[in-house]
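Below is one structure, written out as C-alpha cells, with a few remarks after it.
The values are calculated or read from the model by the stated rules, or taken from the named source; none is laboratory data. This is a predicted model, so every value here is computed, not measured. Cβ placement follows ideal geometry from the backbone for every residue including glycine, while neighbour counts extend to all protein chains displayed. Calculation scope for accessible area: heavy atoms of the full protein, side chains included, ligands and nucleic acids excluded. Shrake-Rupley method; radii C 1.70, N 1.55, O 1.52, S 1.80 Å.
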Amino acid sequence: MRLILIRHGQTPNNVLSLLDTAIPGPGLTSVGMEQAAAVPAALRGERINGLYISNLTRTALTAAPLAADRALEPVVRSGLREISAGSLEMKGDAESVMAYLETVKSWLGGDLSVRMPGADTGLEVLERFDDVVDEAAAGKGGGAVAMVSHGAMIRFWAGHRATNIDWSDTRYHELSNTGIVTLEGEPGTGSAPGGWKVLDWRGTPAGGVGGTDFDGPTAELDAGGTRTEDAQR
C-alpha cells in the first residue's frame, strides 16, 4: 500500500503558535489556502484513488483542491484528528508547548503508556490512526491513498510505524504546513507493525508557498526529541 500523508495548510493559530487541537478548529489563512491550492501539482505524479480527512475544518479546506483535481470524495474519519492537547489546549507558553512535545517524545521513544495531560495515551492515539489506515487498505484497489491530517499526528504515526527513520537525519526535523510524507507498506494487526518505510519526506510547504513555520504542536524536533532554538518563538 502506498500512503501519502499531507499536513493541513496554515491556520491563524499556527501563526500564533498555539496548541490548537479541538474540534472543529479554525479555517485556513490566505497563505494556507494558497498552500492547499499547491497540493495537486505537488502530487501530480501520484495515482490517488482514495482521499481521507480528519474531522477538523482545516483538513477539509486543505483537501478541497486535491479532491476537485482528482474527482475524489473526501472520507471524514475522526481517527486522523490531531493529537489532543487536553488540559494544554490553546496554550502557547513555553512550558505548555514543551509538556506537549515531551509527551510525544516519550511515545516516539517507545513508551506508549504516557498520557497527554488531560487527554490520551500514545497507544490510544496510535490505534485510532491505525484503524483508518486499515480501513483504507481494505478498499484501496490500485493506486495510493492520501490522508490530510495534522503535524504532530503525522510525525508520531510515521515515526512509530516506519522502520527506516533516523531522527539524527535533519530531513525529518521539519514538517511545515502542507508538508507531505509518502510511505509504503502493509498495515499490521493489533500491536504488530506493518513494516512501513518512508519513501519521501517533503517537510517544506507544497509549492514552496509560505516558507517554513514552526507552530507549537508541530515544532521541529532535534535528534533528541527536544525543541530547537529556532522553534522557540
Quiz item: If we keep just the residues of the stretch 82-126 that are of a type in the set (Asp, Glu), closer than 22 Å to residue 147 by Cα and assigned to a loop (DSSP other than H, G, I, E, B), which is most open to solvent (accessible area, probe 1.4 Å)?
Solution: 120
Quiz item: Within the stretch 39-81, restricting attention to residues that are among the acidic types (Asp, Glu) and farther than 16 Å from residue 181 by Cα, which residue is surrounded by the fewest Cβ atoms within 10 Å (Cβ to Cβ)?
Solution: 73
Practice problem: Can you tell me which residue within the stretch 6-38, out of those that are of a type in the set (A, V, I, L, M) and closer than 10 Å to residue 61 by Cβ, is surrounded by the fewest Cβ atoms within 10 Å (Cβ to Cβ)? | Solution: 33
Quiz prompt | Tally, over the stretch 23-53, of residues that are outside any helix (DSSP H, G or I) and either more than 17 Å from residue 150 (Cα to Cα) or within 17 Å of the chain's Cα centre (by Cα) (or both) | solution = 17
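The rows are residues; the columns are (1) in a loop (DSSP other than H, G, I, E, B); (2) open to solvent by 10 Å² or more (accessible area, probe 1.4 Å); (3) modelled with pLDDT under 90.
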| residue | (1), (2), (3) |
| --- | --- |
| 142 | yes, yes, yes |
| 148 | no, no, no |
| 160 | no, yes, no |
| 166 | yes, yes, no |
| 172 | no, yes, no |
| 177 | yes, no, no |
| 182 | no, no, no |
| 192 | yes, yes, yes |
Quiz prompt | Boolean, residue 216 is at pLDDT below 50 and closer than 14 Å to residue 108 by Cβ | solution = no
